[in-house]
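Notes to accompany the following structure.
The values are calculated or read from the model by the stated rules, or taken from the named source; none is laboratory data. The structure displayed is predicted, hence computed values, not measured ones. Cβ sites come from the backbone with ideal geometry, for glycine too, and all protein chains shown count toward neighbours.
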Amino acid sequence: MNKVSNLIIFLCLFLPSLTIFSQGVEEQPSPLGPGKSRKQTELGIFAGLGPNWQTGELFASCDCPSFRDGSGLAFGLGLLFQKDLTSFLQWGGVVGLSLLSNTSSYKERELLAFESQTGEKFYNVPVLFRQKTQVGFSNFDLMPFLNFNLWDFSFIRVGIKASLPFYTHIIHKKELLDRSVRLENGEKIDISIGNGDVVKLEDGVVERVNSILFSFAPAIGFSFHLTGNIFFGFAFTYQLPLNNYSERGRNYRWHSWLFSLELKYALVLRRWLE
């Protein structure tokens, strides 16, 4: 708790001093002239959440159909910096972490063989199963971007994001959906797999993951001046993958929408406060 309190006190003292310093290097307006043009410079934090969805296919760990049409959640957290090139155009960058999870499943009937109590064997008996994968990616993200300010309160942001996966995980389960089968002689047989109805076929890292994941990340956002040098905003970002997440599949990629909240502190303001 003491460390947290000291950090808060440090930020409260340090950020205003940065503002004073950055204004000191600008020529302030005076009765003799308006002063030099100021380049607004902002430092902030953001957090976002939204859906993601799979395109392409992920190969299964067994001799069974591949997984398609997965969906899940994407979460992002990080720091952003941006500075005026002009009052209309800003450049900046994002450093952060993204956590993504995705689940895909399908049902299939397998033709199995059973033996009745009389010793008679029956072949090609259909049994219904569900195949399911849960995949997770944890990435370190870097993204340079350009902001186009439409009005004082809205902007369009365009960037290319590079993500470095530092942790991946996949779980593949097979679930028995038919608890019993009826043979051609009328006999009913209760069935199970493993010690119940679910067996885990895979639990480990995702194979053949690309070391860098690139994506095009356009966004539209809104920013509002709260008080002093503090700005609050939100943005809707679409992530369009430019390469495969893993080569253990065919065109295996995740798209996502992210709704994020941003809190920014202006080290330099474009306009002088009264």
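Data for the structure
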read-out: Filtered residues of the stretch 153-169 (kept if free of Cβ contacts under 8 Å to residues at least 40 places away in the same chain and either farther than 30 Å from Val198 by Cβ or surrounded by 14 or more Cβ atoms within 10 Å (Cβ to Cβ) (or both)); value: His169
read-out: One residue from Thr55, Thr86 being part of a strand (DSSP E or B) and on the phi < 0 side of the Ramachandran plot; value: Thr55
read-out: Residues being touching a Phe, Trp or Tyr at 6+ places or on another chain (Cβ under 6 Å) and at positive phi - total across the stretch 193-236; value: 0
read-out: Qualifying residue in the stretch 96-117 (condition: part of a strand (DSSP E or B), surrounded by fewer than 14 Cβ atoms within 10 Å (Cβ to Cβ) and on the phi > 0 side of the Ramachandran plot); value: no
read-out: Check on Pro34, at pLDDT below 90, closer than 24 Å to Gly233 by Cα and out of contact with any strand residue (DSSP E or B) (no Cβ under 9 Å at 6 or more places or on another chain); value: no
read-out: Looking only at the stretch 228-254, and only at residues there that are among the aliphatic types (A, V, I, L, M) and farther than 15 Å from Asp141 by Cα, the one that is surrounded by the most Cβ atoms within 10 Å (Cβ to Cβ); value: Ala235
read-out: Candidate set: the stretch 174-227, residues that are assigned to a strand (DSSP E or B) and acidic (Asp, Glu); chosen: the one surrounded by the fewest Cβ atoms within 10 Å (Cβ to Cβ); value: Asp190
read-out: Which numbered condition Phe148 misses (of (1) at pLDDT 95 or above; (2) farther than 18 Å from Lys39 by Cα; (3) surrounded by fewer than 16 Cβ atoms within 10 Å (Cβ to Cβ)); value: (2)
read-out: Where a residue in the stretch 173-197 is closer than 30 Å to Phe67 by Cβ and without any contact (Cβ under 8 Å) to a residue 40 or more places away in the chain and its partner, wherever it lies, is part of a loop (DSSP other than H, G, I, E, B) and of a type in the set (Lys, Arg), with Cβ under 8 Å and at least six apart; value: Asp190/Arg179; Ser192/Arg179; Asp197/Arg179
read-out: Residues within the stretch 79-95 that are polar (S, T, N, Q), surrounded by 13 or more Cβ atoms within 10 Å (Cβ to Cβ) and more than 30 Å from Phe166 (Cα to Cα), tallied; value: 2
read-out: Of all residues making up the stretch 118-136, the number that are part of a loop (DSSP other than H, G, I, E, B) and either of a type in the set (D, E, K, R) or touching a Gly at 6+ places or on another chain (Cβ under 6 Å) (or both); value: 1
